[in-house]
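Data block below; observations after.
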Amino acid sequence: MPEVHAGSYKEAILFLVTAGVVVPLFHRLRISPVLGFIGAGALLGPFGLGRLADEVRWLSHFTIGNRTEISHLAEFGVIFLMFMIGIELSWERLRTLRRLVFGFGSIQVLSSALVIGTILYGLRVPLAAAVIVGLALALSSTAVVLPVLAENKRLNTPAGRASFAVLLFQDLAVAPILFAIAVLGRGETANVGGALALALGQAAIALVVIVVAGRLALRPLFQLVARTRSPELFMAACLLTIVATALTAAASGLSMSLGALVAGLLLAETEYRRAIEATIDPFKGLLLGVFFVSVGMNLDPAQLVTNPGTILGLALALIVIKAAMVLLAAPVMKVTRPVALETALLLAPGGEFAFVLVGGAVAAGLVPEGVGGAALIVTTVSMVAIPALASLGRRAGKRMAGANLGRARAEPPPDKQQNRVIIAGYGRVGRMVGEMLARHKIPYLALDSDAARVAEQRRLGNPVYFGDSANPELLRRCDIATARALVVTLDNPRAVEAVVEAARAERADLTIVARARDARHATALYDLGVDDAVPETIEASLQLSEAVLVDVGVPMGLVIASIHERRDEYRVMLKRKESEARPSFRARRTVGKAVEHREAPPKEEPGTVSKRA
């Protein structure tokens, strides 16, 4: 039997002990465990107790000396995080974020890099080093920001979506920056543009290969594995998918985390999504803990003690510069001020990719070692502040939104007016409905629960009022008793149903037209008593059909008549499904009233004796 050396497992044992102590303790203290892992890395790393290990021999058993092994595991922590992000997304949602990803993200990275690089160049840092360090410090921390958002249940908020979009662009930008560093490091400056274009082409081909192969192979693979009913084999298939896509992306010049993100996006469309999430989540949590420990190991407390003012001042300057760039870019991308403020504070600190970029540039001789070391210590210190900045941004955003809320509530109540249309929700769909009503000179008013949107539309002169459309009292104040119709344009199916139920309870004869997610949702809305439900999927297919029929030469009048006829057929079919499934809303309402009338006991005058007695 081979001899076992406990020292070979020292790093793993120390990390498990750290996780067992840090996570419960910090959860009990209601502090993000991220800070605990970073602090443990700084304490147990080579700049903490490891500095004293040569003099005090017994301390070597409690310090992490193998930084290479830890760094490899830390990289997998980021990979697993990106995979879980991808599996929570979908291609459709990613398409909807494209404006923020390529617009907001590119403005943030380029403007921050330009300002930071210019300052460094003014401090007599070589031009190439200033550009590289500026780009590295412009990036933010995906591995810290997203867990902090998830812990506070802020991922699906506007600030969470904006932060994720910018972080996604930054991850996409890492590949060309790394390639440029490699080319410059080899001295191949003559044809750097052509070489960079070639690398980007290879990366695009690799992404296409990953997507096509994934669509063809992943579902059959997981179907085959699921039939075995083996949890171990299912776990192995999950790990194989993540590692294979990450290594394929890395081989083509992309970051491994981007490959894992694509794998998650592909699996998000399968029926195995939830099972994969449950299988992978423990790995992600542990490996991310390793990553945060590795970040803490790069923090040298001695430098902080020696030059605390300089380091803290530089970290603060970095946060201020990047936050200012986000706030300046927000109006261009039509991001509201509360969302921009929270996003700015989340993205202002440095990120984990700075260690990769600056480390590679120092090794290639492009960045002086002193400049690189200072950049990394500033990055680490700023990353430690992310949980506190996230809390500050959340409170400041709420306070700013509260000010907008106060302005929205201060708007005068709607004037009394007969025969007016009420629009519930004044987003893109609601605004279009309002514009069409105004074009035909039909009076309307709109309700919306987004205070910033209400304030903006009021400034434009539109009759929009703040409030929850499902609130019966608010509907009464909007004169639902004399309203001509109610149009529900909200994009949340449950919210649509709540508004319909509240409005129908107030007035049985009101004309209600509601936006539906699909045919099933439309059937449910007909059951609740709407007069017309407009399914997004069916309406889009009818509009596409109309366009193609006109383009191939069918007369416009015939096309319009055909489309109207098909729309009526869909409406009849959906109403028939609803009536076959259960009694209609009006039928149930009539029957309920009859039963109530039949079963109600006769009213008796006070002081009389019941005849039944």
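Values quoted throughout were computed directly from the atomic coordinates according to the rules given, and no laboratory measurement underlies them. Computed from a predicted model, the values in this text were never measured in an experiment. Methodologically, a virtual Cβ is constructed for each residue, glycine included, from the backbone with ideal geometry; neighbour enumeration extends over all protein chains shown.
Miscellaneous remarks
- Peptides ranked, highest mean first, by Cβ atoms within 10 Å: ranges 441-450, 391-400: 441-450, 391-400
- Formal net charge of residues neighbouring VAL496 (Cβ-Cβ distance under 11 Å; K, R +1; D, E -1): 0
- The HN-Hα couplings worked out from phi for the stretch 297-304 by the Karplus form 6.51 cos²θ - 1.76 cosθ + 1.60 (θ = phi - 60°) are 5, 7, 8, 9, x, 5, 5, 5 Hz, whole numbers, x standing for Gly and Pro.
- Proxy reagent accessibility, fewest Cβ within 10 Å first, across GLU435, GLU497, GLU546: GLU435, GLU546, GLU497
- Taking a ≥ b ≥ c as the square roots of the Cα gyration tensor eigenvalues, the stretch 9-401 comes out rounded, since a/c falls below 1.5.
- Around the amide H of ILE512, modelled in the peptide plane, lie the amide H atoms of LEU486, ASP531, ASP532, all under 5 Å away and 5 or more residues distant in sequence or on another chain.
- Gyration tensor (alpha-carbon) shape descriptor, the stretch 415-582, a/c threshold 1.5: oblate
- Take each peptide in 102-111, 147-156, count the other Cβ atoms within 10 Å of every residue, and average; sorted highest first, the result is 102-111, 147-156.
- Only Cα pairs under 8 Å and 6+ residues apart enter the sum, and on that basis the relative contact order of the stretch 457-517 stands at 36 percent.
- Neighbour counts of C-beta atoms inside 10 Å place SER163, SER382, SER545 in the sequence SER545, SER382, SER163, starting with the fewest.
- Footprinting exposure proxy ranking of MET84, MET383, MET333, fewest other C-beta atoms within 10 angstrom first, gives MET333, MET84, MET383.
- Residues with amide H under 5 Å from that of TYR465, placed H, sequence gap 5 or more: ALA446, LEU447, ASP448
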